[in-house]
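Inspection log for the structure reproduced underneath, given as structure tokens.
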């Protein structure tokens with residue numbers, strides 16, 4: 001006690017209160033007080049893991065039901081047994097194996113990749129552009145993709161042949177708007193606002209060009225284009241996943257790896273710099289990664305809205321904005337939601353299928369509005 | 001920590017120099033306060049020192065090394081920065097927000113040591129009750145306290161604060177200034193802060209740096225030598241009486257003399 005008092009008095013002109021506080025600051029922490037004070041934080045961390053676990057579980061349930069559903073009906077349990085048997089090379093029922101692994105599994109994998117990829121891309125875009133309305137398509141990828149797809153469907157013009165005519169075209173053209181945004185932001189510093197404005201401007205230009213193309217198109221092409229535009233999982237085939245799988249997986253992992261830096265970025269560009277993070281460089285890296293990932297996804301499934309914009313918001317509402325958890329949770333939640341939407345789309349007016357993009361909007365819109373109204377805490381500024 | 005600024009001119013490329021031949025050197029721990037009227041380049045100066053703005057080679061040196069030869073990552077280990085206000089968009093909890101200050105020390109996973117430091121910083125700033133609140137739910141004064149805590153957990157022996165007492169009530173204005181002073185004495189920190197409160201500056205600063213139009217250093221030295229009636233009239237354009245309060249100057253402000 002005397003030692004503390006002496007220590008407190010020995011300093012120059014400051015009050016005993018401050019001297020005592022600084023002594024506390026310089027000492028090791030009082031474990032008991034610390035544990036009590038941090039119990040809320042620790043519960044919050046557990047909640048984050050629980051949410052991710054729940055979403056992964058939901059993925060498996062939705063995927064199992066989705067694979068089992070169809071003219072050739074398979075029970076939930078059997079679908080996983082069949083997949084397991086296929087992996088271990090111990091195929092029991094050849095027909096079931098073909099139906100599950102060759103015909104239906106690709107669609108589920110495509111849904112998982114697209115849902116996870118778009119949700120992560122959205123989370124990344126919202127973080128780097130500091131805008132809750134940012135989404136993967138803010139990069140202009142969508143307008144470029146539609147233009148590329150239109151060229152292929154309407155004029156039969158494509159940079160690639162065969163199966164890749166539409167997909168390859170959409171992919172290449174969807175990267176053009178991104179190149180424009182990068183050029184614009186290089187010329188006039190990469191501020192988030194410049195990037196969004198650039199993206200919107202380029203989007204209008206490409207949309208206008210697409211409209212012009214459509215003037216020449218026949219009804220068949222129009223309906224083909226329409227189907228692709230609303231978002232569909234109908235192109236799912238193992239061969240097709242070859243290009244999309246590595247790009248999407250790499251993109252997701254890259255953004256996840258950057259999540260600590262994305263956290264720093266949320267404190268502002270200038271402040272990030274003093275914490276050792278170059279905001280401008282981070283922004284360009286994430287933008288390019290998101291662009292490639294979105295381009296790959298859009299080329300296969302068309303424009304599936306909602307996932308990229310809203311999935312990250314829903315996740316933030318539940319587990320907060322720490323990107324280290326937000327990104328993996330978005331992966332799991334995005335995949336689960338898209339699987340669920342596809343399952344509903346396939347079953348609700350079976351044997352006909354409602355396209356996944358439509359269900360997504362019907363499912364997601366009201367759910368999001370409910371969350372907005374229900375939560376009174378402010379999740380974004 | 002040793003900081004040297006040598007004859008620094010700095011502008012934003014419109015032909016006008018915001019800072020004009022600024023020279024200063026800080027070579028021992030203490031509380032250094034930059035004062036001066038609005039728009040004389042106080043914030044610009046600190047942003048030149050902490051690499052937010054890029055200065056020409058051979059102008060700013062930290063521990064004898066040209067600041068341009070130090071990476072921003074390395075620099076983050078040299079000095080912390082507490083900006084005025086904050087612009088967090090997506091709400092992190094207060095604990096998570098302060099944890100960001102540990103970006104350089106901590107690994108992928110938040111360690112116990114990180115959390116302990118964060119907890120202590122919250123106690124120091126009197127905000128340990130706010131740990132699980134969302135940053136966006138806080139008041140401006142609470143934002144300021146979180147920002148200071150975030151600067152302190154960075155663990156550097158040099159900290160730069162841009163108006164740390166803006167938005168704080170009078171108790172916390174004094175408390176925070178005393179705290180920074182005490183940290184300077186007890187843990188050998190160099191604290192460089194921009195301040196608008198002349199009386200608090202006069203009472204606690206070890207050294208005062210007075211900036212004036214057009215972006216120059218007017219004077220630099222101990223408060224009792226620098227804070228005078230003449231200086232305040234000349235730099236701020238405000239009439240005043242400076243009286244002695246236990247060896248430190250105390251300013252009683254009069255009417256404004258001019259607008260410029």
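The values are calculated or read from the model by the stated rules, or taken from the named source; none is laboratory data. Just so we're clear, the structure is a prediction, and the values are computed from it rather than from any experiment. Glycine also receives a Cβ, built like all others from the backbone with ideal geometry; neighbour counts cover every protein chain displayed.
Given the residues B:200, B:251, B:232, which is the only one that is within 20 Å of residue B:30 (Cα to Cα) and surrounded by 13 or more Cβ atoms within 10 Å (Cβ to Cβ)? Before you say what the answer is, go through the steps one by one.
Working: B:251 fails: within 20 Å of residue B:30 (Cα to Cα); B:232 fails: within 20 Å of residue B:30 (Cα to Cα).
Within the list B:200, B:251, B:232, the selection yields B:200.
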**Complete:** How many residues of the stretch A:75-102 are farther than 21 Å from residue A:59 by Cα and assigned to a loop (DSSP other than H, G, I, E, B)? The answer is 6
**Options B:167, B:199; residue that is in contact with a strand residue (DSSP E or B) (Cβ under 9 Å, 6 or more places away or on another chain), away from every other protein chain (no Cβ under 11 Å) and more than 19 Å from residue A:265 (Cα to Cα)** = B:199
**Fill in**
Selection over the stretch A:305-325 where residues are under 13 Å from the mean Cα position of the chain (by Cα) and not in a helix (DSSP H, G or I) yields a count of 2
**Request:** List the number of the failed condition for residue A:207; all other conditions in (1) crowded, with 18+ Cβ neighbours inside 10 Å; (2) at pLDDT 85 or above; (3) in contact with a helix residue (DSSP H, G or I) (Cβ under 6 Å, 6 or more places away or on another chain) hold.
**Result:** (1)
**Check on residue B:57, surrounded by fewer than 24 Cβ atoms within 10 Å (Cβ to Cβ), more than 25 Å from residue A:126 (Cβ to Cβ) and in contact with a helix residue (DSSP H, G or I) (Cβ under 7 Å, 6 or more places away or on another chain)** = yes
**Message:** Looking only at the stretch B:128-149, count every residue that is more than 8 Å from chain A (Cβ to nearest Cβ) and not in a loop (DSSP other than H, G, I, E, B) and tell me the total.
**Reply:** 13
**Prompt:** Filtering the stretch A:129-139 down to residues that are within 14 Å of the chain's Cα centre (by Cα) and surrounded by fewer than 24 Cβ atoms within 10 Å (Cβ to Cβ), which residue is nearest to the other protein chains (Cβ to nearest Cβ)?
**Reply:** A:132
**Item:** Entirely in the stretch B:150-260, the helices (runs of 4 or more DSSP H) that have 2 or more residues that are in contact (Cβ under 8 Å) with a residue 40 or more places away in the chain and at negative phi
**Value:** B:170-187, B:198-204
**Residue that is surrounded by 19 or more Cβ atoms within 10 Å (Cβ to Cβ), over 28 Å from residue B:63 (Cα atoms) and within 11 Å of another protein chain (Cβ to nearest Cβ), where the choices are B:125, B:189** = B:125
**Asked** Can you tell me which residue in the stretch A:330-355 is nearest to residue A:72 (Cα to Cα), limited to those that are in contact with a helix residue (DSSP H, G or I) (Cβ under 6 Å, 6 or more places away or on another chain) and at pLDDT below 85?
**Response** A:353
**Asked** When the stretch B:78-98 is examined, which residues are found to be more than 8 Å from every other protein chain (Cβ to nearest Cβ) and either touching a helix residue (DSSP H, G or I) at 6+ places or on another chain (Cβ under 6 Å) or modelled with pLDDT of 90 or more (or both)?
**Response** B:78, B:82, B:94, B:98
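Please specify each residue of the stretch B:108-122 satisfying the condition of being outside any helix (DSSP H, G or I) and within 9 Å of chain A (Cβ to nearest Cβ). Even if it seems obvious, please write down each step before you answer.
Within the stretch B:108-122, the subset outside any helix (DSSP H, G or I) is B:108-111.
B:108, B:109, B:110 - these are the residues of the stretch B:108-122 that are outside any helix (DSSP H, G or I) and within 9 Å of chain A (Cβ to nearest Cβ).
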**Item:** All positions within the stretch B:69-92 that are under 17 Å from residue B:155 (Cβ atoms) and under 18 Å from the mean Cα position of the chain (by Cα)
**Value:** B:75, B:76, B:77, B:78, B:79, B:80, B:81, B:82
**Message:** Can you find, within the stretch B:25-54, the residue that is nearest to the other protein chains (Cβ to nearest Cβ) among those that are out of contact with any helix residue (DSSP H, G or I) (no Cβ under 6 Å at 6 or more places or on another chain) and under 18 Å from residue B:198 (Cα atoms)?
**Reply:** B:43
**Message:** Quick check on this structure: which one of B:38, B:50, B:63 is modelled with pLDDT under 95 and within 16 Å of residue A:275 (Cα to Cα)?
**Reply:** B:50
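Have a look at A:66, A:37 and point out the one that is surrounded by 15 or more Cβ atoms within 10 Å (Cβ to Cβ), more than 10 Å from every other protein chain (Cβ to nearest Cβ), in contact with a helix residue (DSSP H, G or I) (Cβ under 8 Å, 6 or more places away or on another chain) and modelled with pLDDT under 90. Please lay out each step first, then the result.
Working: A:37 fails: more than 10 Å from every other protein chain (Cβ to nearest Cβ).
Matching residue, one of A:66, A:37: A:66.
Please go through the stretch A:231-268 and give me each residue that is under 30 Å from residue B:81 (Cβ atoms), part of a helix (DSSP H, G or I) and free of Cβ contacts under 8 Å to residues at least 12 places away in the same chain, ordered by number. Spell out how you get there, then give the answer.
Step one: filter the stretch A:231-268 for residues under 30 Å from residue B:81 (Cβ atoms), giving A:254-268.
From the residues that got through so far, the ones that are part of a helix (DSSP H, G or I) too are A:254-257, A:259-265.
Scanning the stretch A:231-268 gives a single hit, A:257.
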**Test result for residue B:162, more than 9 Å from chain A (Cβ to nearest Cβ), surrounded by fewer than 24 Cβ atoms within 10 Å (Cβ to Cβ), under 16 Å from residue A:22 (Cα atoms) and within 17 Å of the chain's Cα centre (by Cα)** = no
**Residues within the stretch A:226-278 that are away from chain B (no Cβ under 13 Å), crowded, with 24+ Cβ neighbours inside 10 Å and more than 16 Å from the chain's Cα centre (by Cα), tallied** = 2
**Prompt:** Of the residues that sit in the stretch B:60-76 and are within 14 Å of another protein chain (Cβ to nearest Cβ) and out of contact with any strand residue (DSSP E or B) (no Cβ under 9 Å at 6 or more places or on another chain), which one is surrounded by the most Cβ atoms within 10 Å (Cβ to Cβ)?
**Reply:** B:76
**Prompt:** For residues in the stretch A:140-182 being farther than 19 Å from residue A:228 by Cα and either within 14 Å of chain B (Cβ to nearest Cβ) or touching a residue at least 40 places away in the same chain (Cβ under 8 Å) (or both), which is surrounded by the most Cβ atoms within 10 Å (Cβ to Cβ)?
**Reply:** A:181
**Asked** Among the numbered criteria (1) surrounded by fewer than 21 Cβ atoms within 10 Å (Cβ to Cβ); (2) assigned to a helix (DSSP H, G or I), which single criterion is violated by residue A:72?
**Response** (2)
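Are any residues in the stretch B:53-68 farther than 16 Å from residue B:160 by Cα and assigned to a strand (DSSP E or B), and if so, which ones? Give the steps one after another, and end with the answer.
Here is the first cut: in the stretch B:53-68, the ones farther than 16 Å from residue B:160 by Cα are B:54-59, B:64-66, B:68.
Selection gives B:65, B:66.
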